[in-house]
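Each remark here refers to the structure printed beneath this line.
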Amino acid sequence: MMKISTTCFSLLFLFTIFFIQLSGQGYAAQLDDAIKTPLANVPPEQVDSILAKLSDEQVRTLLINELTANATAEQTITEPGGGIVHTSRAILHLLDPNDTDQDKPGLFTGLASIPSDCIAVVRNIGNGSIPGFLLTVVLLSVVFGGAFLAEYLTRRLTADFSKQFSEKAIPDMDGAMRFVAGIMRAIPSFIHILIFSIGAVLLFSFLPASDHAPVRYFFMAILSTVVFFRVCSQCATILFAPQMSQLRLFSVDDASAVSLYRATVLFCSYTYGVILFLAMLMELQLGRPTLPLLIICTATTLIGLIILGILRIRNTVQKRILAHSDEYETRNWIVEQFARFWHVPTLLYFFIVWLILLNDQLSGIERENSAFLLSLLILPLYVLFDWVGQWVVRATVLGLKIYNPEAKEDADEEMLEQLAENEKRERKFLVTGGRLVRLFVLAALLIWVLSLWGFELPYATNIAGAIFESLITMALGLAAWRFASRYIEEKIAEDAPDKEEEAGDDEFGGAAQRGRGFTLLPLLRKVIASILLVMVTLVVLSSLGVNIGPLLAGAGVVGLAVGFGAQKLVSDIFSGFFYLLDDAFRVGEYIQAGSVSGAVESITLRNVMLRHHRGMLQIVPHSDLGSINNFMRGGIIVKFNLDFPYDADVEKIRKIIKRVGKAMMEEEQFKEDFINPVKSAGVREITGSVMTIRVKFKAQPGTHFVIRREAYRLITEALNAKGIFYAHRKVIVELPDTMKNAHLDAVQKEALVAGAAAEIEIEEEEAQKKLLAGGQKSGGSGMAGI
């Protein structure tokens, strides 16, 4: 019995040891399997428990396996060689769909699965049956029909507005107004599209199947495609106006406008619709082998449409290239060959893009940057950036004013030869600059496309980005300058005087008074040009990789040094700024500043140009002006004296002068210039045998000289008609009593009279000098009283 118990115990002990060893081996095998299994395949709730049971060596091994697997997967996706190898393997196994080593089925398997996958999508939309799909299609047709009916009723309400934009009702307009008119013409169409969309959504919400997600996807795909097509059509109509040349933004003929309109609408609508429906099929769980095949088919169709379009317009592009070369006299054999075969490299480019897409789809490479669609935009992007670059070059070269065609009118033979030489130089600059722009734009676009497909070139991508940023910056800066300059020129033209007014002649030098805008706007244009030039330069340097921080710091230091070293210059600029801020004077006004007087001809940042009434041009710094007498603000009071015999009828003279003043107020030439009419101010003084009567009036600045001359003439004629004449100058010489009885001959008497007259003339000159000195001290009242 004891032996049996001992034997049983020994067997139980051996069985326990064997079980522990077996369990340990199984546990170790589980750990080995855990190490070999990637963590991505382990459920999240088991990760912590598995890691807690591993040793340090096992954790290290697991980490190495994970890093190796990630590197292999990344290399397969990113390296072009890996995709090519995978494509080669796929080609080898096209006829072997049962090969278990392939990750994805062959092409024939994908083709065979297309009908079943499509039927599955149809059943999904139809809630599990094909009749349900057909019923859904019928109901959606009713929905869209009702939406079109609502739109039709809206069109009836807006029919009168659309008639305002018929071809006969629209006049010729410039580019900006054409764009505005095109938008206004498209507003009813956008309203119709909005009504159609709202009506379709409202009607769809009443359907019983609107709660079914596949039906909603199907409805939204159709609605979005229709709305996008119509919106794209209206936008293309605004740009190209195929049926209305008065609103066309681009200078192309009707046939080219129609072709551009159709190509834009077809390309954009087809691309958007395909992307939308592929997204819907992915949401409806379309089979994986079928989706790449659909992408290849739709992309091939799109490439085919682009190729057909290129072949259709190749002759038109050839004619434009040759016409442009004839215009600038640059036609040669190379230009002719390029114009003839330009479409060949273009077609080759699109074929290469299609091959890369085919490789990606067969290799399973997924790109998140839409490389294929962006690559197709290289042709319109090249046209756009080339147009912008040519516009920048043309505006810059023409702004240099190397050649002035207006100078041909009065030019002699030598001048004509110089103008012809300048025209050749300008044309050479235009051609060279245009070719450089085309070369840079083409190189930058090719580098950009290569970067989209993962082919990075050292430094080339940054250079391409710098070219685009610089070109866009210069275009925006130039557009802002053209807009501001054109607006300022229009405002200056509004303030410019008429030729008759500008040709006036008076004691103020004939300067015509102008508005404040004529004074400030030229300075504002210079300031805007300086600011834009500095900003564009800094942005271009920054885009080229230049650190502009030290440049700004250095400019600050230089500005500080200039401020200390050129205090007079700073004083002139600030003085001029405050003169303009206070509106102290304007261009065309006659001012007196200290000993300098004249009409303001122009104003710069530092100086004011004064044209003296005798013709001299005086350049005066703003800080030297001091106090200013402006003769053109308010009315000018003019007073002048008329001398009559001491026994003249004062009342009769007053009435005659009053009638002359009323007559002058009624004349077309003077009635707008008078503020107060000509009238008599009474007797001023009586000296000897002369009675002085003062006449005065108030008139607009600059016109009082002409009015004074005319008043002299009319008053004199009216007085003479009534028998009243001015007093003659008399010199009465009183002789002493001793000389009265003396017998003087004629010579002695004339000598006495001449001496007395000379003494009187000296006294009058001294009195006149005192009067002028008093007028200058009173701030120019002497000028006003002339």
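The values are calculated or read from the model by the stated rules, or taken from the named source; none is laboratory data. Since we're looking at a predicted model, the values are computed, not measured. We place every Cβ from the backbone using ideal geometry, glycine too, and count neighbours over all the protein chains shown. Ligands, DNA and RNA are stripped out before the accessible areas are found, and what is left, the full protein with its side chains, is counted by its heavy atoms. Shrake-Rupley method; radii C 1.70, N 1.55, O 1.52, S 1.80 Å.
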Scanning the stretch 342-401 for residues that are open to solvent by less than 70 Å² (accessible area, probe 1.4 Å) and of a type in the set (S, T, N, Q), which turns out nearest to the chain's Cα centre (by Cα)?
GLN390
Members of the stretch 575-592 that are surrounded by fewer than 21 Cβ atoms within 10 Å (Cβ to Cβ) and either acidic (Asp, Glu) or free of Cβ contacts under 8 Å to residues at least 40 places away in the same chain (or both)
PHE577, PHE578, LEU581, ASP582, ASP583
Assess whether VAL600 counts as being surrounded by 17 or more Cβ atoms within 10 Å (Cβ to Cβ) and of a type outside the set (Gly, Ala, Ser).
yes
Given the conditions (1) open to solvent by less than 70 Å² (accessible area, probe 1.4 Å); (2) closer than 26 Å to GLY132 by Cβ; (3) in contact (Cβ under 8 Å) with a residue 24 or more places away in the chain, and given that SER210 satisfies all but one, which numbered condition is not satisfied?
(3)
Could you list, in sequence order, the residues of the stretch 505-543 that are within 20 Å of ASN607 (Cβ to Cβ) and at pLDDT 80 or above?
LEU524, ARG525, LYS526, VAL527, ALA529, SER530
Could you name every one of the strands (runs of 3 or more DSSP E) located completely within the stretch 560-655 that has at least 1 residues being in contact with a Lys or Arg (Cβ under 7 Å, 6 or more places away or on another chain), of a type in the set (A, V, I, L, M) and within 25 Å of LYS526 (Cβ to Cβ)?
596-603, 617-621
Residue that is farthest from LYS428 (Cα to Cα), among those in the stretch 371-400 that are in contact (Cβ under 8 Å) with a residue 60 or more places away in the chain and among the small types (Gly, Ala, Ser):
ALA371
How many residues does the stretch 126-140 hold that are surrounded by 20 or more Cβ atoms within 10 Å (Cβ to Cβ) and either at pLDDT 85 or above or at positive phi (or both)?
3
Give me the pairs, please: first residue somewhere in the stretch 647-661 and closer than 16 Å to MET691 by Cβ and acidic (Asp, Glu), second residue anywhere and assigned to a helix (DSSP H, G or I) and open to solvent by less than 80 Å² (accessible area, probe 1.4 Å), beta-carbon distance under 9 Å, and either six or more positions apart or on two chains.
none
Show the residue pairs meeting these rules: Cβ distance below 6 Å; 6+ apart or different chains; first residue within the stretch 542-558 and open to solvent by less than 80 Å² (accessible area, probe 1.4 Å); second residue assigned to a helix (DSSP H, G or I).
SER543/ALA466; SER543/GLU469; SER543/SER470; ILE548/LEU538; ILE548/LEU541; ILE548/SER542
Working only within the stretch 572-608, note down all residues that are of a type in the set (A, V, I, L, M) and out of contact with any His (no Cβ under 7 Å at 6 or more places or on another chain).
ILE573, LEU580, LEU581, ALA584, VAL587, ILE591, ALA593, VAL596, ALA599, VAL600, ILE603, LEU605
Within the stretch 675-696, take every residue that is under 59 Å from the mean Cα position of the chain (by Cα) and under 15 Å from ARG713 (Cα atoms) and give me the one that is least open to solvent (accessible area, probe 1.4 Å).
VAL678
Those residues that are open to solvent by less than 30 Å² (accessible area, probe 1.4 Å), closer than 28 Å to GLY145 by Cβ and of a type in the set (S, T, N, Q), I need them from the stretch 238-282; list them, please.
SER269, THR271
Residue tally, condition buried (at least 16 other Cβ atoms within 10 Å of the Cβ) and of a type in the set (Phe, Trp, Tyr), over the stretch 432-467
3
What tally of residues in the stretch 603-612 results from selecting those that are open to solvent by 20 Å² or more (accessible area, probe 1.4 Å) and among the aliphatic types (A, V, I, L, M)?
2
Residue by residue through the stretch 321-341, note down the ones that are in contact (Cβ under 8 Å) with a residue 60 or more places away in the chain and either of a type in the set (Ser, Thr, Tyr) or open to solvent by less than 50 Å² (accessible area, probe 1.4 Å) (or both).
TYR328, THR330
Just the residues that are surrounded by 15 or more Cβ atoms within 10 Å (Cβ to Cβ) and not hydrophobic (A, V, I, L, M, F, W, C), please, taken from the stretch 613-632.
HIS613, GLN618, PRO621, HIS622, SER623, ASP624, ASN629, ASN630
Which condition number does PRO405 fail, the rest of (1) closer than 27 Å to ILE321 by Cβ; (2) exposed (fewer than 15 other Cβ atoms within 10 Å of the Cβ); (3) modelled with pLDDT of 85 or more being met?
(3)
Restricting to the stretch 656-674, and then to whatever is open to solvent by 80 Å² or more (accessible area, probe 1.4 Å) and either part of a helix (DSSP H, G or I) or under 30 Å from HIS728 (Cβ atoms) (or both), can you tell me which residue is modelled with the lowest pLDDT?
GLU666
